[in-house]
Amino acid sequence: MTTGVMTRRDRRRTHRTPWIIIPLAIVAMLFLVIPLFGLLADTPWTRLPDLLTREVTVTALRLSLITSLAATGIAVVFGVPLAWLLARIDFPGRPVVRALVLLPLVLPPVVGGTALLTALGRRGIIGQPLEELTGFSLPFTTAGVVLAEAFVAMPFLVLTVEGALRGMDRRFEDAAMTLGASRMRVLTRVTLPLIAPGLIAGALLAWARALGEFGATITFAGNFPGRTQTMPLAIYTLLDTDRDAAIALSVVLLATCIFILLILRDQWLHPGGRR
Amino acid sequence: MTSGAQSVGDLDIDMRVTRGEFELSAALTAKAGQVTAIVGPNGSGKSTLLRVIAGLEPIQEGHLQLGDRVLDDGRTTFVPAEKRPIGMVFQDYLLFPHLNVLDNIAFGVQSRGATRQAARKAGREWLADFDLSGLASRRPAQLSGGQAQRVALLRALATTPEALLLDEPLAALDAGTKTRMRGELSRRLTEFPGVALLVTHEPLEALVLADHICVLEGGRVVQSGSVEDVAARPASDYVAALMGVNLLRGSTREGRMRLDAGGELIVASSVEGRVFATIRPSAVTVHQHRPEGSARNSWKARVEGLEEIGDRVRVVFAGEPGLLVDVTATSVATLGLVPGASAWLAVKATEIDVYPAP
């Protein structure tokens, strides 16, 4: 049934296309799609409400929601200024700074987690003085989860917002200034609204990345139910003991990602936003 | 107008700005209650001049003063754009796409210190004043070109500026709308008590809207004066072309003008030495044979090209001198004025306006 739908969709104009392209493309498509259908086929749909209301899943869901939203908030509050810096201010070494800032995009998350642990851990260059001063230690706490998620998510936001800032017509800011608007007012009433599509897209990408974060989290914050065990960690843990619960949580993540994709598709189809 | 008591003062600028290879070095005074047009070819520095006056760019040397207030002295004083009592209308209007018309207008009023409610109230009054109340809730994308132009002007005026800068305000409009808006803009500008500076590349716009013209070329002011003076005595080929007259350079002696580009004309002028002379394209007559009559000057010339201007045809003649000549379409046919054809040109000595070279 499903493959029937796919081939019908695939029936486009094929002239000028070397024949080898089609079968290879179909293999790639099936490879990317079949596992997801496998997951859906294996999902115990009728027991889903029960599975998702169990304590272990509810706890993981709640924790994931809180930490990913907090991480997105951090990414927006600090990432937008960083994007501004990269887009607008010409300082020496900007390409190097951009490369370093975007490194977490390609860095294996487990390396990111290790890096966070060495810097913010009890003997880290930041962690040690922090603990001596406040008695507070970040690793293996919910705050640590938020940091790990923000670490991997922020570059997505920075990259997207930087592009939006570069793409916007800065003369709107000129116009606002000649109308007497202060810098802050130009930012909040003109610049941010004009880059809103990019900002929303960046925040959604960052949120999706934070929601799915696994490697950095488990390395830096560990896997403690209720405290640091987010959905991906819970899925990994439950796969051994309660496979159906793991699948149920996976379906929730899959649905969320599809939802985000749908919103993003709208954003990208109308890059200028509603005008 | 809803503007209250407004201090009005002249705008005085004498400044230098360098941007890479380009240097803009201009001095001019624009009087309150007058419209000063800044004309010049592309890249002459018109827009940079406006941006400097608006406060969007600092000057490097010199000073900028409005009334008795120094806005920029190139050193310690620089009043930023948002603190200058100067409004600006941009070429493509730059109405904020995410705000409706009323909020676009209220934006400036609120930025200048009014509360949100007071700003909206003022915005409604301004809209009513401009007969635009029906557009209040529209987005800029839903406006016609003429409407957007009105709203942009209104948005600038609503901040009750002491000076108004207009950057090619009619350039984005189609021909029909342009004519209509030119009349309306003329009325609004006449009512405006402060300095109005208009950047344009259309001679008609400058002639209709401005009292004073300042010509910028290559970052320098090449001519500045009343519209009549500039039209009558252009100081450069660009200005002459802008005003639609022929400009000839040469030197006069005893009523004869020897042209730099070759040829000689008899002129009715006592000015001696280095001179410029203008001849209106309509003052030249075209003949098939050597003309006999009162015209003191006649010479043979060759048709280089033709261009239709309204109900006339402008013929480009090469010769000594070469001239632009306006004839009727009928004359083009009867005289056989096709590129390459020859004809006699005649012009009365009294139609040649001679003045000392600037």
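The values are calculated or read from the model by the stated rules, or taken from the named source; none is laboratory data. Computed from a prediction, not measured in an experiment: that's the story for all the values here. No Cβ is skipped: glycine too gets one built from the backbone with ideal geometry, and neighbour counts run over all protein chains shown.
So, in the stretch B:27-63, how many residues would count as being farther than 23 Å from residue B:239 by Cβ and within 14 Å of chain A (Cβ to nearest Cβ)? Steps first, please.
To start, the set of residues in the stretch B:27-63 that are farther than 23 Å from residue B:239 by Cβ comprises B:32-33, B:51, B:54-63.
Subset that is within 14 Å of chain A (Cβ to nearest Cβ): B:51, B:54-58.
Summing the residues that are farther than 23 Å from residue B:239 by Cβ and within 14 Å of chain A (Cβ to nearest Cβ) in the stretch B:27-63 gives 6.
Would you mind stating whether residue B:313 is β-branched (Val, Ile, Thr), outside the structural domain of residue B:229 (by TED's automatic domain parsing) and either buried (at least 19 other Cβ atoms within 10 Å of the Cβ) or within 31 Å of the chain's Cα centre (by Cα) (or both)? Full working, then the answer.
On the way: β-branched (Val, Ile, Thr): yes; outside the structural domain of residue B:229 (by TED's automatic domain parsing): yes; either buried (at least 19 other Cβ atoms within 10 Å of the Cβ) or within 31 Å of the chain's Cα centre (by Cα) (or both): yes.
So residue B:313 fits the description; yes.
Checking the structure you have, find out if any residue of the stretch A:164-171 is assigned to a helix (DSSP H, G or I) and among the acidic types (Asp, Glu). Quick ask: steps written out before the conclusion?
As a first pass, look at the stretch A:164-171 and keep what is assigned to a helix (DSSP H, G or I): A:164-167, A:171.
In the following step, the residues that additionally are among the acidic types (Asp, Glu) were identified as none.
No.
When the stretch B:329-358 is examined, which residues are found to be assigned to a helix (DSSP H, G or I) and either in contact (Cβ under 8 Å) with a residue 24 or more places away in the chain or not polar (S, T, N, Q) (or both)?
Quick first cut of the stretch B:329-358, residues assigned to a helix (DSSP H, G or I) only: B:329-334, B:349-351.
The answer is B:329, B:331, B:332, B:333, B:349, B:350, B:351.
Test each condition in (1) in contact with a Leu (Cβ under 7 Å, 6 or more places away or on another chain); (2) closer than 30 Å to residue B:166 by Cα; (3) more than 14 Å from chain B (Cβ to nearest Cβ) for residue A:165 and report the one that comes out false.
Of everything listed in (1) in contact with a Leu (Cβ under 7 Å, 6 or more places away or on another chain); (2) closer than 30 Å to residue B:166 by Cα; (3) more than 14 Å from chain B (Cβ to nearest Cβ), residue A:165 misses just condition (1).
Taking the residues in the stretch B:120-140 that are closer than 19 Å to residue B:181 by Cα, in a helix (DSSP H, G or I) and in contact (Cβ under 8 Å) with a residue 12 or more places away in the chain as candidates, determine which candidate is nearest to the other protein chains (Cβ to nearest Cβ). Spell out the reasoning first.
Here is the first cut: in the stretch B:120-140, the residues closer than 19 Å to residue B:181 by Cα are B:126-135, B:140.
With the extra rule that they be in a helix (DSSP H, G or I), the set shrinks to B:126-129, B:133-135, B:140.
Those still in the list that are in contact (Cβ under 8 Å) with a residue 12 or more places away in the chain too: B:126-127, B:129, B:135, B:140.
Working: B:126: 13, B:127: 16, B:129: 18, B:135: 16, B:140: 8 Å.
For the stretch B:120-140, the residue satisfying everything is B:140.
Looking at (1) crowded, with 19+ Cβ neighbours inside 10 Å; (2) within 14 Å of chain A (Cβ to nearest Cβ); (3) among the acidic types (Asp, Glu); (4) under 25 Å from residue B:8 (Cβ atoms), which is the only condition residue B:72 fails?
Going through (1) crowded, with 19+ Cβ neighbours inside 10 Å; (2) within 14 Å of chain A (Cβ to nearest Cβ); (3) among the acidic types (Asp, Glu); (4) under 25 Å from residue B:8 (Cβ atoms) one by one, residue B:72 breaks only (2).
Does the stretch B:216-236 contain any residue that is free of Cβ contacts under 8 Å to residues at least 12 places away in the same chain, assigned by TED's automatic domain parsing to the domain that holds residue B:30 and of a type in the set (D, E, K, R)? Outline the logic, then answer.
Of the stretch B:216-236, the ones free of Cβ contacts under 8 Å to residues at least 12 places away in the same chain are B:228-229.
From what's left, assigned by TED's automatic domain parsing to the domain that holds residue B:30: B:228-229.
Remaining after also requiring of a type in the set (D, E, K, R): B:228-229.
Yes; the residues of the stretch B:216-236 include at least one that is free of Cβ contacts under 8 Å to residues at least 12 places away in the same chain, assigned by TED's automatic domain parsing to the domain that holds residue B:30 and of a type in the set (D, E, K, R).
Residues that are within 14 Å of chain B (Cβ to nearest Cβ): which helices (runs of 4 or more DSSP H) entirely in the stretch A:180-257 hold 2 or more of them? Even if it seems obvious, please write down each step before you answer.
On the way: elements: A:183-186, A:196-211, A:215-220, A:231-241.
Here the list reads A:183-186, A:196-211.
Among the residues of the stretch B:100-112, which ones are surrounded by fewer than 20 Cβ atoms within 10 Å (Cβ to Cβ) and facing chain A (nearest Cβ under 8 Å)?
Keep residues of the stretch B:100-112 that are surrounded by fewer than 20 Cβ atoms within 10 Å (Cβ to Cβ), which gives B:100, B:103, B:112.
The answer is B:112, and nothing else.
Taking the condition of being modelled with pLDDT under 90 and under 18 Å from residue B:212 (Cα atoms), how many residues in the stretch B:11-43 meet it?
2
For (1) at pLDDT 95 or above; (2) surrounded by fewer than 21 Cβ atoms within 10 Å (Cβ to Cβ); (3) among the small types (Gly, Ala, Ser), each residue gets a yes or a no:
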residue: A:178; (1), (2), (3): yes, no, no
residue: A:212; (1), (2), (3): no, yes, yes
residue: A:238; (1), (2), (3): no, no, no
residue: A:248; (1), (2), (3): no, no, yes
residue: A:252; (1), (2), (3): no, yes, no
residue: A:270; (1), (2), (3): no, yes, no
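Scan the stretch B:80-98 for residues that are within 7 Å of chain A (Cβ to nearest Cβ) and more than 25 Å from residue B:181 (Cβ to Cβ) and jot them down. It would help to see each step written out before you state the result.
Narrowing the stretch B:80-98 to residues within 7 Å of chain A (Cβ to nearest Cβ): B:81-82, B:86-88, B:90, B:94, B:96-98.
Across the stretch B:80-98, the qualifying residues are B:81, B:82, B:98.
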